[in-house]
1. Of all the residues that make up the range 37-83, how many are modelled with pLDDT under 75 and closer than 20 Å to Gln243 by Cα?
2. Evaluate the following for Val139: is it surrounded by 18 or more Cβ atoms within 10 Å (Cβ to Cβ), at pLDDT 90 or above, of a type in the set (Val, Ile, Thr) and assigned to a helix (DSSP H, G or I)?
3. Provide a single number: the residues in the range 144-164 that are touching a residue at least 24 places away in the same chain (Cβ under 8 Å) and either polar (S, T, N, Q) or within 17 Å of Ala232 (Cα to Cα) (or both).
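The values are calculated or read from the model by the stated rules, or taken from the named source; none is laboratory data. Everything quoted here is computed from the prediction, not taken from an experiment. Please note: Cβ atoms are built from the backbone with ideal geometry, for glycine as well, and neighbour counts cover all protein chains shown.
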Amino acid sequence: MSSHVLAYKPLRGFTPVQYAVCLKGIVWREGLRFLHQRERFVAALVRPLVWLFIFAAGFRQVLGVSIIPPYETYVLYEVYIAPGLMLLIQLFNGMQSSLSMVYDREMGNMRTLLVSPLPRWFLLCSKLVAGTAVSLPQVYTFLAIAWLWDIQPPLLGYVAALPALILTGLMLGALGMLLSSISKQLENFAGVMNFVIFPMFFASSALYPLWRVREGSLFLFYLCELNPFTHAVELVRFALYEQVNWISLAVVSGCTALFMLGAILAYDPSRGLLARRGNT
């Protein structure tokens, strides 16, 4: 009897080493997928660099930026939009990572993973950590190129921005995961991506200060204030200059927990399969 009890003990729980092995496997798989998709890395950099090199040059004289925190003097327009472009990389990466989840669910890989003995919440969190880890090298590559364009925050700012980038990456990845949990088919999720990405990006402080938005439209100003992407941008903007925007930190932390909780509660590993069966 005792031998049978000992044999079933491992099924009642998992050791930290087993959780670590699972996390390592998911992160490693996401990293390999990213390395095999080199065009994904190039595409992630092309979008913000186009804004930085082309649009910023054209808007520099039109959209002057006054002295606003965390800046202690007047800054060029390209300096102001740099944090927003960093978050644009993370936003697209979070959506693409979730797009791969929809694909894996359709093909059966994600369904196989989620029915493993490990808790589902841990598997989803591991996927989220893997997507965030993949986004960080892309962001710092963009910062290295931007440094050649005279966008040079304090050196310690590059280090101070890392925790903020991790938190914003988790928030945007959790949002994408939540959207992927309610999307039944791959084609539908591609449309949802465009519906979410562009309104979040343009209705924020990524491209223009909110005081200028308030001068043009009070309704749009309040909409930008409620946008979690605005607070993600401001959190990174202040972190680059070794400061903390506590309101943005609270909003981003709360939205990360809310989106992740929603994804854990809503995610159904067989939803894509059942939808496909229903259609056929």
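1. 3
2. So Val139 passes the test.
3. 7
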